[in-house]
Amino acid sequence: MILPGDRSESVAAAVRALASGELVGMPTETVYGLAADASNDVAVARIFAAKGRPSEHPLIVHVANASAVTQFAWHIPAFAQALMNSFWPGPLTLILHRLPQVAAACAGGQDSIGLRCPSHPVAAALLNACACAGISGLAAPSANQFGRVSPTTAAHVQSELGEKLLILDGGACSVGIESTIIDCTRGVPVLLRPGVLTRAQLEAVCNGPVLGRDALPVQGTVSPRASGTLESHYAPRAKLRLMDAKALQTAASLLAAELCDAHVGPATVALYSRVPLADTGRALLQRRMPDDAEAAARELFSVLRDFDAHGVKLIWVESPPDSPDWDGVRDRLQRAAS
Ligand code: TXA
Ligand code: MG
C-alpha cells in the first residue's frame, strides 16, 4: 500500500506499523529504504527475510539527528564529527564503534554500526515522529531484493517487495545512488563505498587523506562485510557491458545494420551513451546518458529498471568519464557489469 509521504496521517500510520514490529518502505534522498525499528531484533530479522539478504550483512541505522549517534556508538573521532557537521542530514553513512548490547541484529555480528541521518523531508518527518514514540533509529537497507538494483521510486519498492508493504511515497529520489560510506573505526577515514560526495569534498572536511578500502588492514578478526562492496551487485536482469564511446558507436551501427531488415519483435539490446549514436530505429533501445554526473546518478537505477522492463537481454553502456565526480556512478556500473 502506497501512502502520500507528505501527510501527517501517513507518517503516523508508518510509526504505528514500525512500533508493532512491521516493515515500512521509506523514501530517502539517495534510494528508498526498507525500514524497521533498529532495536527490535524480530523486526530486523524480517528485513533480512523480505530481501533474501544474508543475515551477516550489516544494515545502516537511520537517525533523526547527529545527537542520536551516542545512543548507538562510542568514541566518535574528530574527523567523524566534522563529517557529520558538514554532510548531515545528507547522503553520508559513517561506520562507528557500536555500543555493546545495542542494535546487535542490525550489525550482523560486527562490533561496529553504520549510521546515517537522511535529508529527505519524509524520512526526516518519519524519524522525528519515531523518536517521539521512543524509536531512536530505523534500520534500513535499500528496499530491493538482495543483489538487485536499488529502488528510487515508491512504485519500484512495490514491484520489489509486494503490495502488502506500507510504503511512504516521497517522489523520485534526488540523489539516485546509495550513500557514501566512510569507515571511522580505523583511526583514519576509509572510503568503503563511493557516492555523490567527492573524495576532495570529504578530504577537505576531514582535513587529511581519505584512504581507499584496501589501504589499511582491518583491526580485529571480523572484517566488515558490505554487500554494497561485493563485486557483483546492483545488477539488472539483462547483461550489462561497459564500452568506450568509439567501441559503442561501432558495435551499435554493426548491429543496427544486421537487424534493420530482419527486425520485427521488441528490441533485445539497449544502448545508454553520452555520445550520440546513429538512429537504429526500433531494433535497438536507446537512451542518452546525461553529461553531468549528478544528473546521471539521479536517473541511473530507473534507466536500468526501465531497460529490464522492456525485456532487453543486453545493455551496452558508455564508460563514464574518469573524473572524481563520476566515482559513484562508475562504481555502480562496474558492479552491474561484473
Ligand atoms: O543510501 C543508502 O545508504 C541507502 C538508504 C536506504 O539509506 N541504504 C543502503 O543500505 O544502501 P544497504 O544495506 O543496501 O547498503 C548498506 C551498506 C552495505 O554494503 C553494508 O554492508 C554496509 O552498508 N554496512 C552497514 N553497516 C556496516 C558496518 N557496520 N560495517 C561495514 N559496512 C557496513
Ligand atoms: Mg542495497
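Structural remarks
- Ordering MET289, LEU304, LEU248 by the projection of their Cα atoms onto the charge dipole of the range 239-337, which places +1 on the Cβ of Lys and Arg and -1 on the Cβ of Asp and Glu, puts LEU304 at the extreme positive end.
- A Förster radius of 22 Å, combined with the Cβ-Cβ distance separating ASP279 from ARG237, puts the computed FRET efficiency at roughly 0.25.
- Stokes-Einstein diffusion for the range 115-210, with the hydrodynamic radius set to the Kirkwood value over Cα pairs and evaluated at 10 °C in a medium of 1.306 mPa s, equals 102 µm²/s.
- Fully extending the segment from GLN334 to SER20, taken as 0.36 nm per residue of separation minus the present Cα-Cα distance, adds 109.1 nm.
- Computed over the chain, the P(r) tail beyond 38 angstrom holds 17 percent of alpha carbon pairs.
- In plain terms, the chain from GLN145 to ASP214 could stretch by 22.1 nm, reckoned as 0.36 nm per residue minus the Cα-Cα distance.
- Evaluated at q = 0.12, 0.19, 0.22 Å⁻¹, the base-10 log of the normalised Debye intensity for the range 239-337, with identical point scatterers placed on the Cα atoms, takes the values -0.36, -0.89, -1.16.
- Choice from SER55, SER112, SER159 showing the highest fluctuation, given a GNM over the chain with Cα pairs closer than 10 Å: SER159
- Evaluated over the Cα positions of the range 44-140, the convex hull gives a direction-averaged projected area, one quarter of its surface, of 6.1 nm².
- Which of PRO58, PRO151, ALA257, positive extreme of dipole for the chain (C-beta unit charges): PRO58
- Cβ-Cβ distance of GLN71 and GLU294, R₀ of 51 Å, FRET efficiency by 1/(1 + (r/R0)^6): the value works out to about 0.95.
- Looking at the range 86-172, the trypsin sites (Lys or Arg not before Pro) that sit in a DSSP loop and have at most 10 other Cβ atoms within 10 Å of their own Cβ are LYS164.
- FRET efficiency for CYS132 and THR250, using Cβ-Cβ distance with R0 set to 56 Å, rounded to 0.05: 0.40
- Structure-based [θ]222 nm, the chain - -39500 (n - 2.57) summed over DSSP H runs of at least 4, per residue, nearest 500: -10000 deg cm²/dmol
- In a reduced charge model with +1 at each Lys and Arg Cβ and -1 at each Asp and Glu Cβ, the range 2-212 shows a dipole moment near 220 debye about its Cα centre.
- Placing dummy labels 7 Å off each Cα toward the beta-carbon, the span from ASP41 to SER159 is 3.7 nm.
- Antiparallel %, DSSP beta bridges [both residues in the chain], to 5: 40 percent
- SER55 paired with ALA82, simple spin-label distance in nm, labels 7 Å along Cα-to-beta-carbon: 4.0 nm
Read the figures in this text as sums done on the coordinates, not as results from a lab. As the structure is a prediction and not an experimental result, all values here were calculated from the model. Quick reminder, even Gly has a Cβ in these numbers, built from the backbone with ideal geometry, and neighbours come from all protein chains shown.
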